[in-house]
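The values are calculated or read from the model by the stated rules, or taken from the named source; none is laboratory data. No experiment lies behind these values; they were computed from the predicted model shown. Cβ: placed from backbone, ideal geometry, glycine included. Neighbour counts: every protein chain shown.
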Amino acid sequence: MNLKEAKYSKYALVQEMMDTIDVVKNFNPYQTKEVAKKIESFGKLFLTGEGSSRIFPAKNAIRKALTSGLDLSIATDGSRQASQYDLSGFAVFCASNSGRTKEVVLLAKKLAEIGNENRFALSANKGTLLEQACKETFVLTCGWEQAVAATKSVIEQALFYESILWYINKKNAESICSELATKIEKALTMQIEPSIIEAATKAPTIYFAGYNDGVAEELTLKTNEI
């Protein structure tokens, strides 16, 4: 797909998917430098949220940490179930684009009640209920989606979490973002064989398979939403 042909460019979904190229290219990895130090010293990180705010961003971070042999324990679960856990020994990131997701806000409040000072928010809005319940809030810069929720924001959330790992692993974050933006553009604009498209349109069910890093789950969710 591309933004030059009307059959693609007329759709807000396509425009926002193409926006991810600049989201990655312009991502500021330095914003996580200080929080990465806190998380590294703590040694345990819990990533929570609902739906797309958790599925790919959190599971991708877990897979990347395990693959690189990072000395950091990362876990994830939905906020309702996480409220049953003892998270007093974890640094916790609560993700909600609106900053009002009930389950996420309630968990953040519970963490405050038990005295967990390492509770952080990741949101697309400022001045939210979630921000009030957390010690520190980080705000996404990609803007709101007009077509399908959590399209480009999912990518920025995943980058945010992964940039924490980059700092702990002492990797060159700028070069990673530059290379990734190029790869995303190539993937989004590549030509797909007509036979593959035809097979997909005729299939009663489409199965997505792959690593347990949230990609297949997120694709399934987005396909059903569209």
(request) Name the single residue, out of those in segment 37-55 being within 17 Å of the chain's Cα centre (by Cα) and surrounded by fewer than 20 Cβ atoms within 10 Å (Cβ to Cβ), that is farthest from LEU130 (Cα to Cα). (result) GLY51
(request) Among the residues of segment 1-20, write down those that are more than 16 Å from ILE192 (Cα to Cα) and not in a loop (DSSP other than H, G, I, E, B). (result) ALA6, SER9, ALA12, LEU13, GLN15, GLU16, MET17, MET18, ASP19, THR20
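Give segment 107-121 a look and list any residue that's closer than 22 Å to VAL154 by Cα and either touching a His at 6+ places or on another chain (Cβ under 8 Å) or assigned to a helix (DSSP H, G or I) (or both), or say none.
Within segment 107-121, LEU107, ALA108 meet the criteria.
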(message) Could you check segment 126-142 and list, in sequence order, the residues that are assigned to a loop (DSSP other than H, G, I, E, B) and in contact with a helix residue (DSSP H, G or I) (Cβ under 8 Å, 6 or more places away or on another chain)?
(response) CYS134, LEU140, THR141, CYS142
(message) One residue is enough: does segment 74-83 have a residue meeting the conditions within 20 Å of ALA158 (Cα to Cα), in contact (Cβ under 8 Å) with a residue 12 or more places away in the chain and assigned to a loop (DSSP other than H, G, I, E, B)?
(response) no
(message) Considering only residues that are hydroxyl-bearing (Ser, Thr, Tyr) and in a helix (DSSP H, G or I), which ones fall in segment 171-226?
(response) SER175, SER178, THR182, THR189, SER195, THR201, THR220, THR223
(request) Assess whether THR205 counts as being among the hydroxyl-bearing types (Ser, Thr, Tyr), more than 22 Å from TYR30 (Cβ to Cβ) and modelled with pLDDT of 90 or more. (result) yes
(request) Just one of (1) over 27 Å from ALA149 (Cβ atoms); (2) assigned to a loop (DSSP other than H, G, I, E, B) trips up TYR30, so point out which. (result) (2)
(message) If the requirement is being farther than 25 Å from SER53 by Cα and either in contact with a His (Cβ under 7 Å, 6 or more places away or on another chain) or surrounded by 10 or more Cβ atoms within 10 Å (Cβ to Cβ) (or both), which of these qualifies: ILE176, ILE197?
(response) ILE197
(request) Those residues that are of a type in the set (S, T, N, Q) and either closer than 18 Å to ASP19 by Cα or in contact with a Pro (Cβ under 6 Å, 6 or more places away or on another chain) (or both), I need them from segment 177-226; list them, please. (result) SER178, THR182, THR189
(message) Any residue at all in segment 123-137 that's out of contact with any Leu (no Cβ under 8 Å at 6 or more places or on another chain), more than 30 Å from TYR8 (Cβ to Cβ), basic (Lys, Arg) and modelled with pLDDT of 95 or more?
(response) yes
(message) Checking the condition closer than 13 Å to PHE46 by Cβ, under 15 Å from the mean Cα position of the chain (by Cα) and not hydroxyl-bearing (Ser, Thr, Tyr), which residue from PHE160, PHE138, PHE120 passes?
(response) PHE120
(message) Tell me whether segment 166-173 contains one or more residues that are surrounded by fewer than 16 Cβ atoms within 10 Å (Cβ to Cβ), of a type in the set (Lys, Arg) and in contact with a helix residue (DSSP H, G or I) (Cβ under 9 Å, 6 or more places away or on another chain).
(response) yes
